[in-house]
Amino acid sequence: DSGVTQTPKHLITATGQRVTLRCSPRSGDLSVYWYQQSLDQGLQFLIQYYNGEERAKGNILERFSAQQFPDLHSELNLSSLELGDSALYFCASSVALAGGQTQYFGPGTRLTVL
Amino acid sequence: AQKITQTQPGMFVQEKEAVTLDCTYDTSDPSYGLFWYKQPSSGEMIFLIYQGSYDQQNATEGRYSLNFQKARKSANLVISASQLGDSAMYFCAMRSTILTGGGNKLTFGTGTQLKVEL
C-alpha cells in the first residue's frame with residue numbers, strides 16, 4: 001500500500017458525460033500528479049500540482065481539468081467524454097516540487113466510456 | 001525531449017534465476033532521475049528502485065539492482081533469484097524538470113512483461 005488513495009476504483013459512463021476522479025496524497029506529500037494509461041498511448045503525464053498550484057502540464061486535453069484543494073487532495077475532471085478517454089487514471093504524490101524524490105502511485109481509477 | 005526505450009516486450013525466466021530488463025534513455029538535461037516500477041495484473045504501480053544521474057554507485061533494493069551506465073545512457077534492472085510473484089509488467093521511467101513552473105514529470109517506456117516459470 002503506497003498510502004495514496006483514489007476513488008472510485010471503477011467508473012462506467014457514457015459519451016458526452018462528465019466525471020470527477022479523486023485523489024488523496026500520502027501524508028506529508030505536497031505534490032500530486034495525474035497520469036493516464038491507455039493501450040494505444042501507454043503511460044502519459046497529465047498535470048502536476050504542488051501545494052495548491054499547478055506547476056507542470058503535460059498532454060492534458062482541454063476537456064480535462066484538475067485542481068488541488070487546501071487539504072491537498074486533488075480532483076481530475078473529465079468532460080464531454082469520448083470513447084478514447086477510456087483508460088486507467090493514476091494519481092501519484094511526492095514530498096517536494098522537484099528533485100530526486102520518488103513519486104508513489106495510487107491504485108488507479110479505471111474509466112470506461114460506453 | 002525525453003525518451004525511454006524498452007526493447008523487450010516480453011521476457012521469460014525460470015524461478016530462482018536472475019533476469020535483466022533493458023532500458024535506454026535519451027535526454028539533454030544534466031540532472032535527471034531513473035526509476036523502475038512494477039505493475040502486476042491487478043493494475044497498481046509499485047515503486048521498485050531509483051537512480052539519480054549524479055549517483056556514483058548503482059542503486060540496490062533487496063533483490064533489485066539498477067545497472068546504471070551513464071555514458072551508454074542505459075539503466076537496466078536486474079532481479080536476482082526470481083520468484084513467481086515477480087511476474088508482472090515492468091516500466092522504466094525518467095524524471096525530468098519542467099522549466100516553466102519548476103515542476104517535474106515522469107516519462108515512461110512501453111514496458112516489459114516478465115513471466116517467471118517453475
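The values are calculated or read from the model by the stated rules, or taken from the named source; none is laboratory data. Here the structure is a predicted model, which means the values were calculated and not measured. Because the Cβ atoms are built from the backbone with ideal geometry, glycine has one as well, and the counts that use them run over all protein chains shown.
Annotations
- Boolean, A:ALA87 is in contact (Cβ under 8 Å) with a residue 40 or more places away in the chain, within 14 Å of chain B (Cβ to nearest Cβ), within 16 Å of the chain's Cα centre (by Cα) and farther than 17 Å from A:GLN48 by Cβ: yes
- The condition of being buried (at least 21 other Cβ atoms within 10 Å of the Cβ) and not in a loop (DSSP other than H, G, I, E, B) holds for only one of A:ALA56, A:ALA98, that being A:ALA56.
- Of all residue pairs spaced 6 or more apart or on separate chains, those with beta-carbon atoms under 8 Å, a first member in the stretch A:8-29 that is on the phi > 0 side of the Ramachandran plot and part of a loop (DSSP other than H, G, I, E, B) and a second member that is surrounded by 13 or more Cβ atoms within 10 Å (Cβ to Cβ) and at pLDDT 95 or above are A:GLY16/A:SER80; A:GLY16/A:LEU81.
Yes or no, residue by residue, for (1) in contact with a strand residue (DSSP E or B) (Cβ under 6 Å, 6 or more places away or on another chain); (2) on the phi > 0 side of the Ramachandran plot:
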| residue | (1), (2) |
| --- | --- |
| A:VAL32 | yes, no |
| A:LEU46 | yes, no |
| A:ASN51 | no, yes |
| A:LEU61 | no, no |
| A:SER65 | yes, no |
| A:PHE90 | yes, no |
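- The listed residues are A:LEU72, A:LEU81, and the only one of them that is more than 9 Å from every other protein chain (Cβ to nearest Cβ), aliphatic (A, V, I, L, M), touching a residue at least 24 places away in the same chain (Cβ under 8 Å) and out of contact with any Ser or Thr (no Cβ under 7 Å at 6 or more places or on another chain) turns out to be A:LEU72.
- 2 or more residues within 14 Å of chain A (Cβ to nearest Cβ) and either surrounded by 15 or more Cβ atoms within 10 Å (Cβ to Cβ) or touching a Phe, Trp or Tyr at 6+ places or on another chain (Cβ under 9 Å) (or both): qualifying strands (runs of 3 or more DSSP E) within the stretch B:33-104: B:33-39, B:46-52, B:64-69, B:88-97
- Single match in A:PRO25, A:PRO8 (criterion: away from every other protein chain (no Cβ under 12 Å), within 17 Å of A:THR109 (Cβ to Cβ), surrounded by fewer than 16 Cβ atoms within 10 Å (Cβ to Cβ) and at pLDDT 95 or above): A:PRO8
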